[in-house]
Amino acid sequence: MTRHDILAAVDLGSNSFHLQVGRVVDGQVYLLDALREQVQLGAGLSADKRLDRASQNRALEALGRFRERLRGLPRGAVRAVGTNALRVARNAPAFLREARDRLGFPIEVIAGREEARLIYIGVARSLPPARHRRLVVDVGGGSTEVIVGEGQRPRLTESLYVGCISHSLRYFPEGRIDRRSMKAAVIAARQEFATIAGRYRRSGWQEAIGTSGSARTVEAILDASGRARSGITRAGLEWLRGELVREGRADPGRIAGLKPGRASILPGGCAILSAVFDELDLESMAVADAALRHGVLYDLLGRVQHEDLREATVQQFMRRYHVDAAQAGRLRTLALRIYDQLVAGRSDLAPEDDPDRLLLDWAARLAEIGQSIAHAQYHKHSAYVLSNADMPGFSRAEQQRLARIVLAHRGKLVKVQQESPEERDWTLLFALRLAATLARRRSNVRLPSLRVTGGDGRFTLELPRAWLAHNALTRAALEDEGRQWEGAGLQFTLRRTQERS
């Protein structure tokens, strides 16, 4: 991948949107600029899980301002990720199309555990190296991520559907706080953390760290009140809960250290942190400045320095599902050869910088993971695993594209046509289907020179007439392939040439 000296991360959180720009020097990222917009996207989720227009407009305005700062940066130097509000919103796909146009860069919605992994990376890279295990807790607007890691590597990652915005809206409507609502909020949050507490306590850690707005706000209040010099303590949390109940609301004018922008979501955040302390049996917690956006920056740095976690995940899946490495290599080589012919002259990207080519590479190697489940309809098993498994480094959209391409690499094309894939996906599908057909013998057979052209659902393959006559089984499979494309309202033409094989 092309080297980039300036990298940028965009974090579309449920509460705030963040932009972080950094300069790469000797494998480290040094902050150049940071922007924050309190969009409160999660507060715009209706009862039926749809983002209202007001929250969408706030988000689009913020992204427009981010776009100005990102102007001139190449696509490979910017990564934008969306979190819980965009994971659960039913109308997220339509909004994301608008958001992508406004930002000027693709936006990935990442799974909860992937968010947790990236948070840990950001925190670990911001702290002094340590050999002991660390517990990292990030109370976000719509979810809370809990990680136990060692060094730069996360060991346990979880994302729980409880966040400071959603919890505040549910238990403290219109900002009203009383003893009963606070108790109910803490108990509800404890029920969420109880599902993971035993496993995390057995893993153990020597240091607990909180990150993001809720933890930093509570730390600031405890410091301003003289309750703790730094970090968060159990006694400090108990005092803060009492103060909120006595005041009846989170009033910045009466609670030192509380910023007006955090007031409405402090009660939920305080209840969640209290539940963390109770269920994980904590007495104190340090607070780190780093968060998701820092992890995104360092993960992006790894990608541009050829340390892409997605590649490691692909290799791990091949081992886990006992993929025939030789056949996967044949599929990969042939599919990429076909793809390179199809896009020749149509892209100014170097092959190693082409995200679609990279996705095809992974799809070719993962196409047969379903074989370890059952040979019959194995492509469906492969697609199911790719859709639903935790795949560190991959966004949800990347997993869905992988699954769609693998599902359609054999069998009827109608099933994938119903999902209205983009033109670029048809190119990937054609390359992988044709490679699977030509490599069906699963041996290192020398193929003749072949030429492919096309796009927009219309493709042509040219093969020597003599070779086709000598390989009747492959010829029949290619003719059937033409019927599959025709049945889907598309076109695949097999042309016989006089070239000698």
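Give the relative contact order (percent, whole number) for the chain; include only Cα pairs under 8 Å separated by 6+ residues.
Here the relative contact order equals 13 percent.
Rounded to the nearest 5, what % of DSSP beta bridges with both residues in the stretch 308-497 are antiparallel?
Bridges in the stretch 308-497 are about 40 percent antiparallel.
Quote to one decimal, in nm, the extra length available between Ala397 and Gln152 on full extension: 0.36 nm per residue of separation minus the C-alpha distance between them.
Taking Ala397 through Gln152 to full extension adds about 85.6 nm, to one decimal.
Residue farthest toward the positive end of the dipole of the chain, with Cβ of Lys/Arg at +1 and Asp/Glu at -1: which of Leu41, Asn471, Leu494?
Selected residue: Asn471.
Apply the Karplus curve 6.51 cos²θ - 1.76 cosθ + 1.60, θ = phi - 60°, to the phi angles in the stretch 169-183 and return the couplings in whole Hz, x for Gly and Pro.
Coupling constants for the stretch 169-183: 5, 6, 9, 10, x, 6, x, 6, 10, 9, 4, 5, 5, 5, 4 Hz.
Residue-wise, which Karplus ³J(HN,Hα) couplings in Hz belong to the stretch 249-256, taking 6.51 cos²θ - 1.76 cosθ + 1.60, θ = phi - 60°, and x for glycine or proline?
Karplus values, whole Hz, x for Gly and Pro: 6, 8, 9, x, x, 10, 10, 5.
Assigning unit charges at the beta carbon (Lys, Arg +1; Asp, Glu -1) and nothing else, what dipole magnitude in debye, to the nearest 20, does the stretch 370-501 show about its Cα centre?
Using Cβ point charges on Lys, Arg, Asp and Glu, the stretch 370-501 gives about 540 debye.
Once Lys and Arg get +1 and Asp and Glu get -1 on their Cβ, which of Pro260, Val276, Ala286 lies farthest toward the positive end of the dipole of the stretch 259-314?
Farthest towards the positive pole: Pro260.
Taking other Cβ within 10 Å of each residue's Cβ, how do Trp362, Trp467 sort, fewest first?
Trp467, Trp362
Tell me, what is the percent relative contact order of the stretch 347-501, built from C-alpha pairs under 8 Å that lie six or more residues apart?
Dividing the mean separation by the residue count of the stretch 347-501 yields 17 percent.
Antiparallel versus total DSSP beta bridges in the chain: what percent is that, nearest 5?
Around 65 percent antiparallel, to the nearest 5.
Report the calculated FRET efficiency for Thr453 and Ser46 (r = Cβ-Cβ distance, R0 = 41 Å), to the nearest 0.05.
Given R0 = 41 Å and the Cβ-Cβ separation, E is 0.25.
Give me the extension gain from Arg319 to Asp289: residue separation times 0.36 nm, minus the current Cα-Cα distance, reported in nm with one decimal.
Working it through step by step, the gained length comes to 7.1 nm.
Run the dipole for the stretch 77-144 about the Cα centre, Lys and Arg Cβ at +1, Asp and Glu Cβ at -1, nothing else charged, and hand back the magnitude in debye, nearest 20.
Result for the stretch 77-144 is approximately 260 debye, rounded to the nearest 20.
Just need the relative contact order of the stretch 67-152 here, percent rounded to a whole number, with Cα pairs under 8 Å and 6+ apart.
For the stretch 67-152, the relative contact order is 26 percent.
When we measure straight from the Cα of Lys412, which lysines land under 18 angstrom away, once same-chain ones fewer than 8 places off are left out?
Cross-link targets: Lys380.
Run the dipole for the chain about the Cα centre, Lys and Arg Cβ at +1, Asp and Glu Cβ at -1, nothing else charged, and hand back the magnitude in debye, nearest 20.
940 debye
Measuring from centroid to centroid over Cα atoms, what is the spacing of the stretch 99-122 and the stretch 8-50 in Å?
Cα centroid to Cα centroid, the span is 9 Å.
Every read-out reported here was derived from the displayed coordinates using simple, explicitly stated rules and does not represent laboratory data. Since the model is a prediction, treat every value here as computed from it, not as a measurement. Every residue, glycine among them, receives a Cβ derived from its backbone with ideal geometry; neighbour counts consider all protein chains shown.
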